[in-house]
Amino acid sequence: MDIAREAARRRTFAIISHPDAGKSTLTEALALHTEMISEAGVTHGKAGRRATVSDWMEMEKARGISISSTALQMQYGDTVVNVVDTPGHADFSEDTYRVLAAVDVAVMVLDAAKGLEPQTLKLFDVCRRSAIPVITVVNKWDRPALAPLELLDQIQQRLGIVPTPVTWPIGIGGDFQGALDLRSGEIIRYHRTAGGATIAGEEVLDRTAAEEAFGVDLATAEEEVELLAADGMVHDQETFLSGRTSPVLFAAGLLNFGLSQLLQVLVDVAPAAADRREADGGRRPVDSPFSAYVFKVQAGMDRNHRDHVAFARVCSGRFERGDVVEQASTRRPITTKYVQSMFGRDRSTADEAFPGDVIGLVNATGLRIGDTLRAQGERVEFPAIVRFAPEHFAEIRAADVSRSKQFRRGMDQLDAEGVVQVLRNDARGDAAPVLAAVGPMQFEVVQDRLANEFGAQTRLQRLDYSVARQVARADVGLLAGTSGVEVFERSDGTVLALFTDRWRIRSVERAHPDLELAVLAADV
Ligand code: GDP
């Protein structure tokens with residue numbers, strides 16, 4: 001088995017978009033154009049569509065947003081395509097960071113009529129910080145849209161990245177007739193199929209046929225393309241991989257227009273699973289023995305079997321179900337008899353996996369987000385995944401003391417999953433921990449899951465703190481008795497001081513010039 005070859009044919013990506021831009025539709029359309037290796041479903045089901053998996057949570061259904069991440073594996077020609085779903089809500093940026101740490105490239109979907117939207121900007125920023133190259137898809141070209149050059153201008157001005165179209169639409173938004181494939185030089189005509197339920201008809205036209213079919217729209221498209229070249233908006237592999245340019249495609253996910261071009265761009269242009277950076281700065285060759293890192297932990301996916309699944313991205317080597325692997329932090333062996341390749345309600349079991357693939361380890365309860373897994377005897381460790389600086393804080397306690405055991409069990413579980421950060425100190429005790437969240441919606445998720453999965457109703461009280469700093473354990477005494485400051489320990493052992501506001505931090509710093517209050521990783 002040639003591991004390097006297996007890695008080279010894998011494309012692992014996440015789709016990022018503002019809600020409603022068409023992420024789910026596009027994912028389903030991708031599935032239609034490929035051979036599903038594992039039919040696990042991907043997106044939140046909406047009326048009239050295939051019911052899918054990530055709507056396992058009641059709240060998610062009620063709100064129509066996707067909270068949990070899922071992954072899907074498909075085969076396109078000789079290429080294995082792994083799509084890792086990103087959480088849909090703006091509050092879940094921490095989750096998003098972790099998912100993006102598991103992929104090699106992002107596909108940014110824009111609604112052609114709306115262009116860049118707030119959530120797109122935020123997610124793009126995460127990609128930039130994580131140094132992930134981005135492919136842009138302008139979706140819904142079958143609807144009235146902004147002018148294509150205006151969209152490119154937005155991308156360039158607001159994201160500071162040079163858009164380099166690899167396809168160009170023939171026909172304005174709302175009149176999507178075909179496309180110029182700028183890489184192959186082909187002129188493509190699209191045909192609608194009933195309801196978009198099957199692969200769109202697509203034919204390559206010769207010049208004469210194209211002129212006849214498209215008339216003046218072809219000439220317009222070609223003129224616009226000439227402007228692109230003059231502006232330097234031409235695909236370049238090196239600047240794409242370094243995040244300075246982004247290939248752009250035009251599509252209509254609902255009609256399946258532009259999907260085969262997107263897949264071909266993923267095959268030809270998107271980076272394959274490659275050597276991965278290690279914590280010590282070295283790189284882990286893809287063909288070295290097995291290693292992976294955990295980017296997501298989830299419980300309660302299946303109400304009948306209260307289970308716990310740790311999802312890991314394979315970074316090197318070949319993984320085979322039944323292998324005994326090692327948790328790097330504890331050197332504890334983990335048996336992998338129960339491993340899922342994909343996840344959701346329909347479990348399918350992975351027999352083997354290669355770099356770029358996602359595996360789900362069932363009931364490996366000791367695993368934490370950011371953990372490295374490796375073949376026994378290996379030394380590799382991957383960098384820890386960024387923890388966000390929390391900005392919202394609340395005390396939580398069981399509404400009914402007789403359920404405090406369930407409450408504690410639930411808190412430990414949600415803490416391990418990284419749903420929220422759990423802070424404790426002696427004064428408040430174990431019955432009333434403090435939750436620290438990046439966005440307030442995380443609190444709702446916690447309360448909802450405690451009630452539904454652990455049978456513990458809770459009472460939540462928002463606290464007045466708005467900023468956290470890390471302090472050395474030895475310095476904690478200096479903060480004693482200062483008003484507007486409270487010190488906690490997070491479950492990973494980090495000591496955090498919470499402040500009502502930044503002014504309070506400044507006054508503490510003035511009073512104790514030697515005290516070091518460290519900014520948390522992402523609070524920059
Ligand atoms: P998500 O929230 O990003 O996952 O967006 P969805 O895939 O659920 O799409 C949001 C809405 O836009 C749905 O009503 C889709 O049917 C519609 N939609 C998605 N793609 C297209 C498209 O290419 N053309 C048109 N006209 N509508 C689309």
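The values are calculated or read from the model by the stated rules, or taken from the named source; none is laboratory data. This is a predicted model, so every value here is computed, not measured. Neighbour counts are summed over all protein chains in view; Cβ atoms, including those assigned to glycine, are modelled from backbone coordinates with ideal geometry.
Scanning the stretch 114-156 for residues that are surrounded by fewer than 16 Cβ atoms within 10 Å (Cβ to Cβ) and of a type in the set (A, V, I, L, M, F, W, C) gives 121, 131, 147, 149. Take the conditions (1) more than 27 Å from residue 144 (Cβ to Cβ); (2) surrounded by 17 or more Cβ atoms within 10 Å (Cβ to Cβ); residue 251 misses just one of them, which is (1). Being touching a strand residue (DSSP E or B) at 6+ places or on another chain (Cβ under 7 Å) and over 19 Å from residue 421 (Cβ atoms) is the requirement here; does residue 495 meet it? No, not satisfied. Scanning the stretch 248-277 for residues that are part of a strand (DSSP E or B) and either closer than 21 Å to residue 102 by Cα or within 14 Å of the ligand (Cβ to nearest atom) (or both) gives 249, 250, 252, 257, 276, 277. When the stretch 139-169 is filtered for residues that are within 16 Å of the ligand (Cβ to nearest atom) and not aromatic (Phe, Trp, Tyr), the ones remaining, listed by number, are 139, 140, 142, 143, 144, 145, 146, 148, 151, 167, 169.
Criterion applied to 325, 309, 297 was being in contact with a strand residue (DSSP E or B) (Cβ under 7 Å, 6 or more places away or on another chain), at pLDDT 90 or above and in a strand (DSSP E or B), and the one residue passing it is 325.
Scanning the stretch 407-443 for residues that are of a type in the set (Gly, Ala, Ser) and over 16 Å from residue 95 (Cα atoms) turns up 410, 427, 429, 431, 432. Of all residues in the stretch 119-135, those being part of a loop (DSSP other than H, G, I, E, B) and free of Cβ contacts under 8 Å to residues at least 60 places away in the same chain number 1.
Restricting attention to the stretch 450-479, the residues being of a type outside the set (D, E, K, R), out of contact with any strand residue (DSSP E or B) (no Cβ under 8 Å at 6 or more places or on another chain) and more than 24 Å from residue 438 (Cβ to Cβ) number 4. Please determine whether any residue of the stretch 460-472 is surrounded by 16 or more Cβ atoms within 10 Å (Cβ to Cβ), of a type in the set (S, T, N, Q) and in a strand (DSSP E or B). Within the stretch 460-472 (the criterion being surrounded by 16 or more Cβ atoms within 10 Å (Cβ to Cβ), of a type in the set (S, T, N, Q) and in a strand (DSSP E or B)), the answer is yes, since at least one residue qualifies. Please identify the pairs in which a residue from the stretch 357-370 that is at positive phi has its Cβ atom under 9 Å from the Cβ atom of a residue that is among the hydroxyl-bearing types (Ser, Thr, Tyr) and not in a loop (DSSP other than H, G, I, E, B), counting only partners at least 6 apart or on another chain. From residues that are at positive phi, the pairs are 370/293. Among the residues making up the stretch 186-206, a single one is surrounded by fewer than 13 Cβ atoms within 10 Å (Cβ to Cβ) and at pLDDT 95 or above: 206. Elements of the type strands (runs of 3 or more DSSP E) sitting completely within the stretch 1-118 and holding at least 1 residues that are under 27 Å from residue 361 (Cα atoms), within 15 Å of the ligand (Cβ to nearest atom) and modelled with pLDDT of 60 or more: these cover 10-17, 71-76, 79-85, 105-111.
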